[in-house]
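The values are calculated or read from the model by the stated rules, or taken from the named source; none is laboratory data. Model, not experiment: these values are computed from the prediction. Methodologically, a virtual Cβ is constructed for each residue, glycine included, from the backbone with ideal geometry; neighbour enumeration extends over all protein chains shown.
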Amino acid sequence: MMPRSASIIPLARRVLLVGLVLLWAGAFAATHIPVSKMPELHASDKTLHVLGYFALGGVFHITLAAYGIGRLRRSIVVVLTMAAYGALDEITQPLVNRCAAFGGWLADLAGAAAAVLVLEAFHTTLLKRKRATKPG
């Protein structure tokens with residue numbers, strides 16, 4: 001019989017993956033709502049880009065970490081994937097009468113990169129604490 005903790009890890013990975021897919025689908029849907037049907041959000045467009053891609057890039061990063069992808073590889077994959085997806089997102093927005101903007105893409109990239117930096121700094125801090133408390 002498998003220990004309980006060993007069976008929780010694959011479940012957590014699946015939950016993260018499903019959450020990532022749902023978040024990504026929701027983000028795509030939200031960025032493709034015609035402007036005329038958008039609710040008033042009381043935040044600048046660039047702020048929304050940064051926050052949205054921070055969340056999406058962060059969950060993507062955490063999901064890759066849960067699947068054992070190394071630090072450098074997951075950081076590069078997240079930033080490059082978010083850059084490509086952000087470009088696709090901007091390019092397809094005119095299909096629903098929204099404007100594609102280079103500044104929006106830069107804000108997307110900034111949000112994703114910030115998520116990677118914050119999560120890697122957090123990971124480094126946890127590793128240092130773990131090493132400091134390790135009996136030696």
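Results, tabulated for the structure shown:
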| quantity | calculated |
| --- | --- |
| Qualifying residues in the stretch 31-51 (those that are in contact (Cβ under 8 Å) with a residue 40 or more places away in the chain and in a loop (DSSP other than H, G, I, E, B)) - the one surrounded by the fewest Cβ atoms within 10 Å (Cβ to Cβ) | Pro34 |
| Test set (1) farther than 15 Å from Phe54 by Cβ; (2) of a type outside the set (S, T, N, Q); (3) without any contact (Cβ under 8 Å) to a residue 60 or more places away in the chain - Gly104 fails condition number | (1) |
| Residue that is in contact with an Asp or Glu (Cβ under 9 Å, 6 or more places away or on another chain), part of a helix (DSSP H, G or I) and among the aromatic types (Phe, Trp, Tyr), where the choices are Phe54, Phe28 | Phe28 |
| The stretch 60-89, subset basic (Lys, Arg) and either surrounded by 12 or more Cβ atoms within 10 Å (Cβ to Cβ) or modelled with pLDDT under 95 (or both), residue nearest to Ala25 (Cα to Cα) | Arg74 |
